[in-house]
Ligand SMILES: [Zn+2]
């Protein structure tokens, strides 16, 4: 007799309880009213689920990740857009990918938020067969701002901008690069810069 | 174009590096910018980008492990922290369809969701252990009675908690069958309280005080139902077919 009772209890234990994720969604306020109402009704009669919700609440407090308020948008992130000679962004640009060839294009002009960026790719006189990039950033405070040229997954060297906003990279192989200009509160990305 | 939209154009590698760096600033209690990590989540969930998801795992798995070991249930569960950490990521991955991502306006809300998933997988495991314990107890009461074990199909004690959907379907059918056999609301309340919620008759009486004359009335209602159930040939057949 006792076995029948206990087997039935084991087979039915908490069969009407919402699953743990449903309780979690309920607690985080992610459920529409139609789904939240039956859970609220169940919690009124179920000590197990009530305890699990209390554990969840305590756990969220214990592991809260907001010990320091996040400073939203501390950094302005700009993706550089190439400008035609006239100085306005190219209409209909879709991907910031440009191939630049030393000596045959003249300076390339970009706009990135408040900043204007010009890049000139040249043959590197010191290193035959290699390239150099001369850059100029205008429109932002260039104190503590550096330019970094990355190739594939390699961490590139950072060069500081001069007070006038100039920077240079030399001895470059042809290929795809990524240029990032980083300051205390700005980042300018030129994600795909191919030197041909 | 908003800054968050501009982040959408960053290469994944850059995004991951920046998320990593900003997270380090966060844990050093310095000003930090959560948008890079948020953009990783957005790509994972809205675009279904598996590489972005891999980056998130890389970035957050140690944090989730630390959550697991701090959970009050953890010491009693007898399972490796890695197991719960991996289940938590799986639960999160399954829990946010692309169209629901907009319910998470910032990184904080996403990490809170990941915390909820961590708690949920540990609760799943605890529920599974409790049920296995009830099942063991039922079997130990009459260890010699190996002849007829009507619930053996429903209760496979070796089934892991993440694979219990089939069992739950069987349990739901069983529960529905019992409900159909109840003669009135009081029987339903008594067997729900007793078998489903594992409450004592006194607790059931207090929960539904308007329904029962006294505590004995709860026990009597439950016993009457069980006596009828044992005599019910259809129910017996149902168990044998299960
Ligand atoms: Zn419950």
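Structural remarks
- Number of positions in the stretch A:151-186 that are part of a strand (DSSP E or B) and touching a helix residue (DSSP H, G or I) at 6+ places or on another chain (Cβ under 8 Å): 2
- Test: residue A:27 is away from the ligand (no atom under 13 Å from the Cβ) and in contact with a helix residue (DSSP H, G or I) (Cβ under 8 Å, 6 or more places away or on another chain): yes
- Looking at A:99, A:54, A:34, A:40, just one residue is more than 10 Å from chain B (Cβ to nearest Cβ), at pLDDT 95 or above and away from the ligand (no atom under 16 Å from the Cβ), and that residue is A:34.
- Here residue B:198 clears all of (1) assigned to a helix (DSSP H, G or I); (2) in contact (Cβ under 8 Å) with a residue 24 or more places away in the chain; (3) within 16 Å of the ligand (Cβ to nearest atom) except the condition numbered (1).
- Pair list, Cβ < 8 Å and 6+ apart or interchain, from the stretch A:10-21 residues that are assigned by TED's automatic domain parsing to the domain that holds residue A:53 and at positive phi to residues that are more than 10 Å from the ligand (Cβ to nearest atom) and part of a loop (DSSP other than H, G, I, E, B): A:14/B:198
- Among residues of the stretch A:35-55 that are under 13 Å from residue A:25 (Cα atoms) and without any contact (Cβ under 8 Å) to a residue 24 or more places away in the chain, those with a Cβ under 8 angstrom from a residue that is outside any helix (DSSP H, G or I) and more than 8 Å from the ligand (Cβ to nearest atom), sequence gap 6+ or separate chain, pair up as A:39/A:31.
- Residue within the stretch B:73-86 that is within 8 Å of chain A (Cβ to nearest Cβ), surrounded by fewer than 24 Cβ atoms within 10 Å (Cβ to Cβ) and touching a residue at least 24 places away in the same chain (Cβ under 8 Å) present: yes
- Residues of the stretch B:199-228 satisfying the condition of being out of contact with any helix residue (DSSP H, G or I) (no Cβ under 6 Å at 6 or more places or on another chain) and within 18 Å of residue A:7 (Cα to Cα): B:200, B:223, B:224, B:226, B:227, B:228
The values are calculated or read from the model by the stated rules, or taken from the named source; none is laboratory data. Just so you know, these numbers come straight off a predicted model, no measurement behind them. Cβ: placed from backbone, ideal geometry, glycine included. Neighbour counts: every protein chain shown.
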